[in-house]
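Data first, discussion second: the structure below is written as C-alpha coordinates.
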Amino acid sequence: MDLRLHTAAPLNILSRNCHLWLSHSDIAAKGSTMVSLTKGQSISLAKEPRPPARVAMGLGWDVAKRKGFLGRMIDGGNVDLDASCLVYDASGRLIDNVWFGQLASKDGSIVHSGDNRTGAGDGDDEVINVDLTRVPAAAQTLVFTVNSFTGITFERIENAFCRIVDAADNREIARYSLSAQGPHTAQVMAKLSRSGGDWSFTAIGAIASGTTFHALEPAIKPHL
(Lines give C-alpha, C1' and ligand atoms only; values in the text may rest on other atoms or scores of the structure.)
Protein backbone atom coordinates (compact mmCIF):
# COMPACT_ATOMS: atom_id res chain seq x y z
CA MET A 1 0.00 0.00 0.00
CA ASP A 2 1.35 3.43 -0.91
CA LEU A 3 1.56 5.48 2.30
CA ARG A 4 1.57 8.68 0.22
CA LEU A 5 -2.18 8.35 -0.24
CA HIS A 6 -2.72 9.28 3.40
CA THR A 7 -1.51 12.90 3.41
CA ALA A 8 -4.65 14.91 2.76
CA ALA A 9 -5.28 16.35 6.24
CA PRO A 10 -1.95 18.21 6.74
CA LEU A 11 -2.39 19.91 3.38
CA ASN A 12 -5.03 22.13 5.01
CA ILE A 13 -2.31 23.63 7.18
CA LEU A 14 -0.08 24.04 4.15
CA SER A 15 -2.76 25.88 2.17
CA ARG A 16 -3.72 28.15 5.07
CA ASN A 17 -0.12 29.23 5.55
CA CYS A 18 0.97 29.29 1.90
CA HIS A 19 2.20 32.87 2.22
CA LEU A 20 4.71 31.77 4.88
CA TRP A 21 6.39 28.92 3.06
CA LEU A 22 8.83 28.42 0.23
CA SER A 23 8.26 25.83 -2.47
CA HIS A 24 10.80 23.93 -4.60
CA SER A 25 10.73 26.61 -7.28
CA ASP A 26 10.97 29.48 -4.79
CA ILE A 27 14.39 28.49 -3.46
CA ALA A 28 15.84 26.54 -6.38
CA ALA A 29 19.09 28.09 -7.53
CA LYS A 30 18.52 31.22 -5.40
CA GLY A 31 21.33 33.13 -3.74
CA SER A 32 24.90 32.03 -3.19
CA THR A 33 26.49 29.67 -0.71
CA MET A 34 27.70 31.51 2.41
CA VAL A 35 29.15 28.48 4.23
CA SER A 36 29.96 25.04 2.89
CA LEU A 37 29.93 22.76 5.90
CA THR A 38 31.92 19.58 6.42
CA LYS A 39 30.76 16.66 8.52
CA GLY A 40 30.34 17.68 12.16
CA GLN A 41 30.61 21.42 11.55
CA SER A 42 28.05 23.84 12.98
CA ILE A 43 26.93 27.37 12.25
CA SER A 44 25.08 29.64 14.67
CA LEU A 45 22.01 31.26 13.17
CA ALA A 46 22.16 33.88 15.93
CA LYS A 47 25.43 35.15 14.46
CA GLU A 48 23.90 35.83 11.07
CA PRO A 49 23.73 39.55 10.13
CA ARG A 50 19.97 39.17 10.49
CA PRO A 51 19.09 36.00 12.43
CA PRO A 52 16.33 34.25 10.46
CA ALA A 53 12.88 33.78 11.93
CA ARG A 54 11.90 31.25 9.27
CA VAL A 55 14.17 28.83 7.43
CA ALA A 56 13.79 26.26 4.68
CA MET A 57 15.75 23.03 4.52
CA GLY A 58 16.24 22.01 0.89
CA LEU A 59 17.24 18.54 -0.31
CA GLY A 60 18.47 17.91 -3.85
CA TRP A 61 19.86 14.93 -5.71
CA ASP A 62 20.54 13.48 -9.15
CA VAL A 63 20.33 9.92 -10.37
CA ALA A 64 23.79 8.61 -11.25
CA LYS A 65 24.35 7.56 -14.84
CA ARG A 66 24.74 3.86 -15.35
CA LYS A 67 28.29 2.68 -16.00
CA GLY A 68 29.58 1.43 -19.33
CA PHE A 69 29.00 2.54 -22.91
CA LEU A 70 25.33 1.57 -22.98
CA GLY A 71 24.77 3.01 -19.53
CA ARG A 72 25.92 6.43 -20.67
CA MET A 73 23.33 6.30 -23.45
CA ILE A 74 20.44 5.25 -21.21
CA ASP A 75 18.66 7.42 -18.69
CA GLY A 76 19.56 6.45 -15.14
CA GLY A 77 15.86 6.26 -14.23
CA ASN A 78 14.19 7.70 -11.15
CA VAL A 79 15.10 7.38 -7.48
CA ASP A 80 12.56 8.34 -4.82
CA LEU A 81 14.29 9.97 -1.84
CA ASP A 82 12.22 11.31 1.03
CA ALA A 83 13.20 14.09 3.43
CA SER A 84 11.86 14.03 6.99
CA CYS A 85 12.11 16.27 10.04
CA LEU A 86 12.03 14.62 13.46
CA VAL A 87 11.37 16.73 16.55
CA TYR A 88 13.03 15.76 19.86
CA ASP A 89 12.74 17.21 23.34
CA ALA A 90 15.64 17.81 25.74
CA SER A 91 15.50 14.21 27.00
CA GLY A 92 15.88 12.81 23.47
CA ARG A 93 12.24 11.75 23.18
CA LEU A 94 10.61 11.96 19.75
CA ILE A 95 7.62 14.31 20.12
CA ASP A 96 6.65 14.98 16.50
CA ASN A 97 7.59 14.14 12.94
CA VAL A 98 7.11 15.62 9.49
CA TRP A 99 7.45 13.38 6.42
CA PHE A 100 5.45 12.37 3.36
CA GLY A 101 2.98 10.60 5.65
CA GLN A 102 2.40 13.76 7.73
CA LEU A 103 3.17 16.95 5.84
CA ALA A 104 2.93 19.31 8.83
CA SER A 105 3.81 19.20 12.51
CA LYS A 106 0.97 19.13 15.00
CA ASP A 107 1.31 22.87 15.68
CA GLY A 108 1.94 23.83 12.04
CA SER A 109 5.40 25.33 12.65
CA ILE A 110 7.07 22.78 10.35
CA VAL A 111 5.66 22.09 6.88
CA HIS A 112 6.86 19.70 4.16
CA SER A 113 6.50 20.89 0.56
CA GLY A 114 5.45 17.43 -0.66
CA ASP A 115 6.97 14.27 -2.06
CA ASN A 116 9.23 14.32 -5.13
CA ARG A 117 9.51 10.78 -6.47
CA THR A 118 12.10 11.33 -9.22
CA GLY A 119 14.85 13.80 -8.30
CA ALA A 120 14.40 15.36 -11.75
CA GLY A 121 15.29 19.00 -12.38
CA ASP A 122 17.76 21.43 -10.88
CA GLY A 123 17.84 22.84 -7.38
CA ASP A 124 15.90 21.53 -4.41
CA ASP A 125 13.76 18.44 -4.93
CA GLU A 126 12.10 18.54 -1.51
CA VAL A 127 11.80 21.38 0.99
CA ILE A 128 10.92 21.42 4.69
CA ASN A 129 9.94 24.86 6.02
CA VAL A 130 10.45 25.75 9.69
CA ASP A 131 9.03 28.78 11.47
CA LEU A 132 11.54 29.03 14.32
CA THR A 133 9.33 31.52 16.17
CA ARG A 134 6.52 28.95 16.40
CA VAL A 135 8.46 25.78 17.20
CA PRO A 136 7.15 24.58 20.60
CA ALA A 137 9.28 25.34 23.65
CA ALA A 138 9.57 21.61 24.37
CA ALA A 139 11.34 21.03 21.04
CA GLN A 140 15.11 21.00 21.53
CA THR A 141 16.41 19.41 18.32
CA LEU A 142 15.05 19.08 14.79
CA VAL A 143 16.79 16.24 12.94
CA PHE A 144 16.60 16.07 9.14
CA THR A 145 16.88 12.68 7.48
CA VAL A 146 16.68 11.28 3.96
CA ASN A 147 15.51 7.79 2.98
CA SER A 148 15.23 5.83 -0.22
CA PHE A 149 11.59 4.73 -0.06
CA THR A 150 11.94 1.96 -2.65
CA GLY A 151 15.18 0.64 -1.14
CA ILE A 152 17.41 1.72 -4.02
CA THR A 153 20.84 2.38 -2.52
CA PHE A 154 22.87 5.57 -2.58
CA GLU A 155 25.13 3.92 -5.15
CA ARG A 156 22.54 5.25 -7.61
CA ILE A 157 22.68 8.80 -6.22
CA GLU A 158 25.05 11.64 -7.06
CA ASN A 159 25.27 15.39 -6.40
CA ALA A 160 23.12 15.06 -3.30
CA PHE A 161 23.04 18.00 -0.90
CA CYS A 162 21.06 19.64 1.83
CA ARG A 163 21.03 23.37 2.53
CA ILE A 164 19.41 25.84 4.87
CA VAL A 165 17.91 29.04 3.47
CA ASP A 166 16.55 32.18 5.09
CA ALA A 167 12.90 32.08 4.04
CA ALA A 168 12.56 35.87 4.23
CA ASP A 169 14.86 36.60 1.27
CA ASN A 170 15.84 33.17 -0.14
CA ARG A 171 19.43 33.71 1.03
CA GLU A 172 21.38 30.49 1.41
CA ILE A 173 22.95 30.30 4.86
CA ALA A 174 24.80 26.98 4.66
CA ARG A 175 25.09 23.89 2.50
CA TYR A 176 26.27 20.35 3.17
CA SER A 177 27.21 17.87 0.45
CA LEU A 178 25.77 14.38 1.01
CA SER A 179 28.62 12.84 -0.93
CA ALA A 180 28.69 9.37 0.60
CA GLN A 181 27.81 6.81 -2.06
CA GLY A 182 27.38 3.18 -1.07
CA PRO A 183 24.97 0.36 -0.25
CA HIS A 184 23.10 2.38 2.39
CA THR A 185 19.51 3.54 1.88
CA ALA A 186 19.39 6.49 4.27
CA GLN A 187 21.33 9.32 5.86
CA VAL A 188 20.92 11.44 8.96
CA MET A 189 21.66 14.72 7.15
CA ALA A 190 21.73 17.54 9.67
CA LYS A 191 20.05 19.07 12.69
CA LEU A 192 18.77 22.38 14.02
CA SER A 193 19.35 22.59 17.76
CA ARG A 194 18.24 25.20 20.27
CA SER A 195 20.24 26.67 23.13
CA GLY A 196 18.22 29.24 25.02
CA GLY A 197 16.64 31.37 22.31
CA ASP A 198 19.36 30.71 19.73
CA TRP A 199 19.43 28.07 17.00
CA SER A 200 22.43 26.37 15.38
CA PHE A 201 22.66 24.19 12.29
CA THR A 202 24.98 21.15 12.29
CA ALA A 203 26.00 18.86 9.42
CA ILE A 204 25.78 15.20 10.51
CA GLY A 205 26.08 12.95 7.43
CA ALA A 206 25.61 9.63 9.25
CA ILE A 207 24.81 6.79 6.86
CA ALA A 208 22.06 4.35 7.81
CA SER A 209 19.56 1.89 6.38
CA GLY A 210 15.78 2.09 6.25
CA THR A 211 13.07 3.05 3.80
CA THR A 212 11.37 5.52 6.20
CA PHE A 213 12.59 7.52 9.19
CA HIS A 214 11.14 4.97 11.61
CA ALA A 215 14.21 2.74 11.15
CA LEU A 216 16.73 5.49 11.89
CA GLU A 217 16.43 5.91 15.66
CA PRO A 218 19.74 4.07 16.41
CA ALA A 219 21.59 6.31 13.95
CA ILE A 220 19.95 9.49 15.27
CA LYS A 221 20.39 9.01 19.02
CA PRO A 222 24.18 9.71 19.13
CA HIS A 223 23.55 13.14 17.60
CA LEU A 224 20.92 14.45 20.01
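The values are calculated or read from the model by the stated rules, or taken from the named source; none is laboratory data. Note that this is a predicted model, so its numbers are computed, not measured. Virtual Cβ from ideal backbone geometry, glycine too; neighbours counted across all protein chains shown.
In this structure, ARG175 does satisfy being of a type in the set (D, E, K, R), in a strand (DSSP E or B) and in contact with a Phe, Trp or Tyr (Cβ under 9 Å, 6 or more places away or on another chain). In region 8-17, the condition of being exposed (fewer than 14 other Cβ atoms within 10 Å of the Cβ), part of a loop (DSSP other than H, G, I, E, B), of a type in the set (A, V, I, L, M, F, W, C) and at pLDDT 50 or above is met by no residue. In region 171-182 there is no residue matching the filter, namely being under 24 Å from GLY92 (Cβ atoms), without any contact (Cβ under 8 Å) to a residue 60 or more places away in the chain and not β-branched (Val, Ile, Thr). For region 132-169, filtered to residues that are part of a loop (DSSP other than H, G, I, E, B) and over 24 Å from SER42 (Cβ atoms), the residue that is nearest to the chain's Cα centre (by Cα) is PHE149.
Within region 178-222, which residues are closer than 16 Å to GLN41 by Cα, outside any strand (DSSP E or B) and more than 16 Å from the chain's Cα centre (by Cα)? Correct list: PRO222 only. Residues considered: ASN129, ASN97. Of these, the only one that is at pLDDT 90 or above and either farther than 26 Å from PRO49 by Cβ or among the acidic types (Asp, Glu) (or both) is ASN97.
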